[in-house]
Every structure is written in C-alpha cells, then in structure tokens.
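S.K.: Quick one: this structure, given as structure tokens, is what I'll be asking you about.
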Amino acid sequence: MIGTALGVVLLDKIVYSAFLLAGVFLSISGLYILLNADFVAAAQILVYVGAVNVLILFAIMLVNKTENFQEVKGRWIRQIATALVCFGLFALLATMVLVTPWQLSVISPAIIENTIVTIGKHFFSDYLLPFEVLSVLLLMAMVGAIILARRDLIPTAQKTREIYTTSLTLPEKPRDLISSGK
Amino acid sequence: MDIQLEYFLILAAALFCIGIFGLVTSRNAVRVLMSIELLLNAVNLNLMGFSNYLDPGEIKGQVFAVFVITIAAAEAAVGLAIILAIYRNRDTIDMERFNLLKW
C-alpha cells in the first residue's frame with residue numbers, strides 16, 4: 001500500500017497514478033475490515049473508488065493536454081528539502097506513536113454485533129446536528145461545483161439574430177471558440 | 001491481540017507524509033487533489049484505529065470517519081470544478097503558472 005501511495009505521488013503519467021489511487025483506497029478499505037468496521041469499509045469503496053476516483057479520471061480526461069512543464073530553477077533543491085521535511089515529520093510521528101503508552105481498552109473489539117445499528121444510533125441521537133449540517137454542505141458543494149464548472153454564457157452573440165432559433169441548443173459557446181475567432 | 005494499534009498509526013503517518021510530499025512537490029493540479037485525498041485517508045485510518053482499539057464499545061470514531069469521507073467527496077467535487085475553471089482561463093494545469101495572486 002505504501003508502494004502504491006508512492007506511485008500516486010511519483011509516477012510520471014497521471015492516469016497511472018489515478019488508478020494507483022484506487023488501489024490505495026481499496027487497501028485502506030481492507031484495513032477497515034480488519035478494524036471491525038464493515039460499514040465504513042463499504043462506504044469507503046462506494047464513495048472513494050466509485051465516485052471520487054471516477055471524478056478524478058473525468059477531470060484528467062477533460063484537462064488532458066500533454067504539456068512539457070518548463071523547468072523552474074532550484075526545483076531539485078525544493079524537492080529534496082520537501083522530502084527531508086516529510087521524512088522528519090514521519091520520524092517524529094513514529095517516535096511519538098512508539099513512545100506513547102496507549103491506554104488500550106480491555107473490552108474485546110468484537111463486542112458490537114452490528115456496527116450499522118450503532119452508527120445509525122449515533123447519527124440520529126447525539127450527532128444529529130452535524131448530520132443535518134453535512135447534508136446542507138453537500139448541497140452547497142453540488143451547487144458550487146455546478147456554478148464553477150459551467151461554461152460562461154455569452155448572450156451578445158445571440159442578439160444580432162432576428163429570428164430566435166427554436167432548437168433546443170443552449171445559447172452558450174465555449175470560450176475557446178470565441179478566442180480563436182478573434 | 002494480533003495486529004497492534006501502533007502499526008496502523010505508523011502506516012497512517014507514512015501515508016500522511018507521502019501525501020504532504022505530493023501536495024508540495026507535484027506540478028499537475030489534479031495530482032495535488034489526489035494528494036489531498038491521500039491526506040484525508042490517512043486521517044481516516046487514524047480515526048478508525050483509535051475507534052477500534054480505544055473505544056470499542058461505542059464506535060464514535062467510525063461516525064467521524066463517515067463525516068470525513070463525505071467532506072472529502074464534497075471537497076473533491078469543488079476542487080475539480082475549480083481546476084476546470086482555471087484550465088479554461090489560463091489554458092494550463094501547471095501549478096507553477098497559477099501566478100494570478102503573485103505580488
């Protein structure tokens with residue numbers, strides 16, 4: 001899993017890294033099943049592999065332009081510095097994890113028969129307000145994504161025409177057509 | 001117990017560091033979004049580990065993990081829409097050339 005995660009970051013072709021990201025999500029879902037969390041594992045597969053990864057693949061397809069990134073001065077120094085900082089952070093976190101005496105619970109983790117029932121009780125009793133706020137946030141994200149990704153309407157191109165067209169095409173044009181016509 | 005809590009925590013830490021490395025160094029904007037997903041997954045792994053080993057009676061960590069998954073989905077949608085808008089304006093997805101806010 002660490003190898004696939006490194007592949008996501010380091011590989012050259014971005015389509016490969018998108019598929020490796022799916023591999024990372026699937027292995028994390030397997031770890032969730034090891035941690036006695038079947039509902040979250042299923043949600044992980046559905047949301048991440050089914051939705052987010054497909055969305056990322058569509059974005060790659062939409063912005064797919066093979067461009068050679070021009071060289072930036074001092075890029076290697078930046079990368080090496082970032083790698084050093086990340087490795088230091090990992091060493092710090094690892095020592096913290098290994099040194100801290102965790103107060104492990106003595107109850108067996110398999111005490112809950114059905115995790116879905118317990119999660120549902122939490123959702124509708126003590127986490128009810130965050131649950132509702134989350135639904136509002138999803139709606140806001142959907143509206144915002146649609147507004148941001150919509151093509152710009154150009155109403156001036158239609159005003160010169162005398163007869164309104166009765167076809168079902170939207171009165172909009174992609175911006176690159178306009179810019180290429182200039 | 002067979003698999004200890006520390007293994008999950010170290011794995012999540014490694015995933016988080018890889019995500020930060022990709023977030024800082026990558027030049028493709030879509031890859032930056034993928035790195036953010038890696039970060040959120042590392043946090044989720046931490047939450048699930050603590051939920052299983054420290055609080056197995058009432059699994060509040062899993063509730064938080066579901067919240068984080070939902071936020072991540074919303075963030076991915078909005079982020080990809082922003083990347084599409086920038087791509088239409090600037091005709092590139094190179095992070096080094098998004099210098100509209102540079103002084």
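The values are calculated or read from the model by the stated rules, or taken from the named source; none is laboratory data. Bear in mind the structure is a predicted one, so any value in this text is a computation, not a measurement. Cβ coordinates were reconstructed from backbone atoms using ideal geometry, including for glycine residues, and neighbour counts include every protein chain displayed. Ligands, DNA and RNA are excluded from the accessible area calculation, which covers all protein heavy atoms including side chains. Shrake-Rupley method; radii C 1.70, N 1.55, O 1.52, S 1.80 Å.
S.K.: Restricting to the range A:131-164, name every residue that is modelled with pLDDT under 90, exposed (fewer than 13 other Cβ atoms within 10 Å of the Cβ) and either polar (S, T, N, Q) or closer than 30 Å to residue B:66 by Cα (or both).
M.R.: Answer for the range A:131-164, where residues must be modelled with pLDDT under 90, exposed (fewer than 13 other Cβ atoms within 10 Å of the Cβ) and either polar (S, T, N, Q) or closer than 30 Å to residue B:66 by Cα (or both): A:146, A:147, A:150, A:156, A:160.
S.K.: Further question on the same structure: State which residue is modelled with the highest pLDDT when the search covers only the range B:88-101 and only residues that are assigned to a helix (DSSP H, G or I) and at the interface with another protein chain (Cβ under 7 Å from one of its Cβ atoms).
M.R.: B:88
S.K.: Exactly one of these conditions fails for residue B:7: (1) of a type in the set (Ser, Thr, Tyr); (2) open to solvent by 40 Å² or more (accessible area, probe 1.4 Å); (3) in a loop (DSSP other than H, G, I, E, B). Give me its number.
M.R.: (3)
S.K.: Those residues that are within 15 Å of the chain's Cα centre (by Cα) and crowded, with 20+ Cβ neighbours inside 10 Å, I need them from the range A:23-42; list them, please.
M.R.: Once the filter is applied, which keeps residues that are within 15 Å of the chain's Cα centre (by Cα) and crowded, with 20+ Cβ neighbours inside 10 Å, the range A:23-42 yields A:24, A:25, A:28.
S.K.: May I ask you to verify whether residue B:45 is at pLDDT 90 or above and open to solvent by 30 Å² or more (accessible area, probe 1.4 Å)?
M.R.: It is false that residue B:45 is at pLDDT 90 or above and open to solvent by 30 Å² or more (accessible area, probe 1.4 Å).
S.K.: Test of understanding: among B:63, B:30, which residue is farther than 16 Å from residue A:41 by Cβ, within 7 Å of another protein chain (Cβ to nearest Cβ), touching a helix residue (DSSP H, G or I) at 6+ places or on another chain (Cβ under 6 Å) and not aromatic (Phe, Trp, Tyr)?
M.R.: B:30
S.K.: Just one of the numbered conditions (1) facing another protein chain (nearest Cβ under 8 Å); (2) within 14 Å of the chain's Cα centre (by Cα) is not true of residue B:85; which one?
M.R.: Of everything listed in (1) facing another protein chain (nearest Cβ under 8 Å); (2) within 14 Å of the chain's Cα centre (by Cα), residue B:85 misses just condition (2).
S.K.: Let me ask something else. So if I check each of B:70, B:25, which one is of a type in the set (Ser, Thr, Tyr), closer than 26 Å to residue A:39 by Cβ and within 7 Å of another protein chain (Cβ to nearest Cβ)?
M.R.: B:70
S.K.: Let me ask something additional. Criterion first (crowded, with 21+ Cβ neighbours inside 10 Å, assigned to a helix (DSSP H, G or I), within 7 Å of chain A (Cβ to nearest Cβ) and at pLDDT 90 or above) does residue B:13 satisfy it?
M.R.: Spelling it out, residue B:13 is indeed crowded, with 21+ Cβ neighbours inside 10 Å, assigned to a helix (DSSP H, G or I), within 7 Å of chain A (Cβ to nearest Cβ) and at pLDDT 90 or above.
S.K.: Name the residues in the range B:56-103 that are under 27 Å from residue A:50 (Cβ atoms), open to solvent by 30 Å² or more (accessible area, probe 1.4 Å) and among the aromatic types (Phe, Trp, Tyr), would you?
M.R.: Passing the criteria: B:64, B:87.
S.K.: Would you confirm whether or not the range B:34-54 contains a residue that is within 7 Å of another protein chain (Cβ to nearest Cβ), aromatic (Phe, Trp, Tyr) and more than 30 Å from residue A:62 (Cα to Cα)?
M.R.: yes
S.K.: Now a separate question. Would you confirm whether or not the range B:28-38 contains a residue that is on the phi < 0 side of the Ramachandran plot, out of contact with any strand residue (DSSP E or B) (no Cβ under 7 Å at 6 or more places or on another chain) and open to solvent by 50 Å² or more (accessible area, probe 1.4 Å)?
M.R.: no
S.K.: Within the range A:20-130, considering only helices (runs of 4 or more DSSP H) that don't extend past its boundaries, which have at least 2 residues that are within 7 Å of chain B (Cβ to nearest Cβ) and modelled with pLDDT under 85?
M.R.: The helices (runs of 4 or more DSSP H) meeting that bar are A:115-124.
S.K.: Output the residues belonging to the range A:1-19 that are facing chain B (nearest Cβ under 8 Å) and in a loop (DSSP other than H, G, I, E, B).
M.R.: A:1
S.K.: Working only within the range B:1-35, note down all residues that are out of contact with any Leu (no Cβ under 9 Å at 6 or more places or on another chain) and among the acidic types (Asp, Glu).
M.R.: B:2
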